Ligand code: ATR
């Protein structure tokens, strides 16, 4: 689509940024809704992040997304962050306010939940018991979303004690840790199983987690979306469990930013999924 001199501007800051699917994703919506706007990749070195963020209002940008490695550092640069972002310790979305100040948000948590609601509509998160594998940045977004959705307990299994303890502390009293070696022994009463590690991603070994003890009604989801069907999801599906892939989380986390910058709340559709994968 041709843009005019009045085009609204946003983008994604990362280093490197070439792998980001966000320009493709937001570009689809701009075209779909006929918006005079542009969403561009912004390759910003870590040492330049403060200068780059402060330049957004001066360049007329409405805001940006943040990807690796900027999400944590950016939280300390913007003027305010919401409670979810503070709990997670990272932001992925910046909105330039009318006075030029910067508001940071974390939309991974609502994005994760929205993907589950769309992909597993029968799952009742309010009152649910959930097993989360992994305790890194992705796990923090997932756990924050689960707590906001009303889960009663998050069981956390993670290889290193260091990250486990940090996450348990950040989300007390909702998160209890399960020893890594016993991760398969505490699945028999859960409603949802989530893999937040990079295990199962292309080029990585699969997640080693026997599912024999898992109830067939339990939903299984993965934050990994390349491949779309990880080994974990394939094994869960084969035994009859409902599964939700990780691509939807990427799509849904983009919705609040697009709405704030471009003024339209966009839909997450099958056609969008195909476009982003393509
Ligand atoms: P992200 O921000 O994508 O979550 P991260 O912060 O590096 O990335 O976290 C990766 C998570 O995957 C961690 O919980 C990590 O476990 P450790 O705390 O032990 O490092 C987990 N992980 C990565 N590779 C793993 C492996 N081979 N076995 C078990 N866990 C692994």
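Quick rundown of the values:
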read-out	value
Residue 50 being without any contact (Cβ under 8 Å) to a residue 60 or more places away in the chain and not assigned by TED's automatic domain parsing to the domain that holds residue 189	yes
Some residue of the range 107-116 being out of contact with any helix residue (DSSP H, G or I) (no Cβ under 6 Å at 6 or more places or on another chain) and surrounded by fewer than 19 Cβ atoms within 10 Å (Cβ to Cβ)	no
Qualifying residue in the range 111-130 (condition: in a strand (DSSP E or B), at pLDDT 95 or above, closer than 23 Å to residue 9 by Cβ and more than 16 Å from the ligand (Cβ to nearest atom))	no
Residue list for the range 65-94, filter: free of Cβ contacts under 8 Å to residues at least 60 places away in the same chain and assigned to a strand (DSSP E or B)	66, 80, 81, 94
Of residues in the range 158-183 being closer than 13 Å to residue 196 by Cβ and near the ligand (Cβ under 9 Å from one of its atoms), the one surrounded by the fewest Cβ atoms within 10 Å (Cβ to Cβ)	159
Among the candidates 213, 240, residue that is within 20 Å of residue 133 (Cα to Cα), at pLDDT 95 or above and not assigned by TED's automatic domain parsing to the domain that holds residue 94	213
Residue 104 vs. criteria more than 16 Å from the ligand (Cβ to nearest atom) and surrounded by 24 or more Cβ atoms within 10 Å (Cβ to Cβ)	yes
Residue in the range 209-221 that is without any contact (Cβ under 8 Å) to a residue 60 or more places away in the chain, within 16 Å of the ligand (Cβ to nearest atom) and closer than 18 Å to residue 154 by Cα present	no
Cβ-Cβ under 6 Å pairs, at least 6 apart or on other chains, the range 146-168 side closer than 13 Å to residue 190 by Cα and in the same structural domain as residue 208 (by TED's automatic domain parsing), far side in a helix (DSSP H, G or I) and away from the ligand (no atom under 16 Å from the Cβ)	155/186
Leading residue by the ranking (farthest from residue 69 (Cα to Cα)) among those in the range 99-110 that are more than 14 Å from the chain's Cα centre (by Cα) and outside any strand (DSSP E or B)	99
Total residues in the range 230-244, condition under 13 Å from residue 212 (Cβ atoms) and without any contact (Cβ under 8 Å) to a residue 24 or more places away in the chain	1
Per-region count, the range 182-237, residues assigned to a loop (DSSP other than H, G, I, E, B) and in contact with a strand residue (DSSP E or B) (Cβ under 9 Å, 6 or more places away or on another chain)	17
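Yes/no matrix, rows are residues, columns are (1) buried (at least 20 other Cβ atoms within 10 Å of the Cβ); (2) touching a strand residue (DSSP E or B) at 6+ places or on another chain (Cβ under 7 Å); (3) farther than 30 Å from residue 193 by Cβ:
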position	(1), (2), (3)
16	no, yes, yes
37	yes, yes, yes
45	no, no, yes
60	no, yes, yes
74	yes, yes, yes
88	yes, no, no
99	no, no, yes
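The values are calculated or read from the model by the stated rules, or taken from the named source; none is laboratory data. Bear in mind the structure is a predicted one, so any value in this text is a computation, not a measurement. Heads up, the Cβs are rebuilt from the backbone with ideal geometry, glycines too, and the neighbour counts pull from every protein chain shown.
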